[in-house]
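Chemist: Before I ask anything, here is the structure I am working with.
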């Protein structure tokens with residue numbers, strides 16, 4: 001299966017934030033993703049499962065890299081730890097910085113506009129915590 005056959009994955013919104021995320025995946029710094037469960041529910045999308053592969057898109061909507069999920073958990077925000085936060089590849093020193101950045105994003109105008117309201121973000125807010133590995137470009141079927 002080529003990357004054109006894979007479901008697309010878009011980090012944040014197009015622009016600098018997405019570009020930094022794609023660069024962090026390509027450099028190997030980013031090996032985890034966090035999504036707000038409410039966004040999946042609003043979109044009518046199933047929570048991904050380990051083993052699924054995605055074509056990560058850049059800000060122009062072009063394929064940048066293929067990833068494969070190795071772990072997917074739906075957990076309350078309070079269960080994210082320092083190790084997972086650092087694996088986000090954004091330079092977070094720990095979960096406190098990670099949480100501040102994610103709370104800001106989850107309450108951003110773009111997310112609020114998409115959901116039709118500003119979501120409540122607290123310790124019990126459910127997030128989809130995913131760990132992934134990069135599948136080499138040009139070899140999307142490699143083990």
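Every read-out reported here was derived from the displayed coordinates using simple, explicitly stated rules and does not represent laboratory data. This structure is a prediction, so every number in the text was calculated from the model and none was measured. So basically every Cβ, Gly included, is an ideal-geometry build from the backbone, and we count neighbours across all protein chains shown.
Chemist: Note down the relative contact order for the stretch 3-135 as a percent, whole number, built from C-alpha pairs under 8 angstrom at least six residues apart. Please list the in-between numbers first.
Modeler: On the way: 223 pairs, mean separation 44.2, N = 133.
Relative CO of the stretch 3-135 lands at 33 percent.
Chemist: Could you put 132, 54, 105 in order, starting from the residue whose Cβ has the fewest other Cβ atoms within 10 Å?
Modeler: On the way: 132 25, 54 21, 105 16.
Taking fewest neighbouring Cβ atoms as first place, the list is 105, 54, 132.
Chemist: Now, a different point. Using only helices, what value at 222 nm comes out for the chain when you add -39,500 (n - 2.57) per DSSP H run of length 4 or more and divide by the total residues, to the nearest 500 deg cm²/dmol? Intermediate values should be presented prior to the final figure.
Modeler: Numbers: 5 runs with 44 residues, N = 143.
Using -39500 (n - 2.57) per qualifying helix, the result is -8500 deg cm²/dmol.
Chemist: Moving on. Quick one: in the stretch 2-42, what % of C-alpha pairs are over 11 Å apart?
Modeler: Details: 590 of 820 pairs.
Above the 11 Å cut-off, the stretch 2-42 has 72 percent of its Cα pairs.
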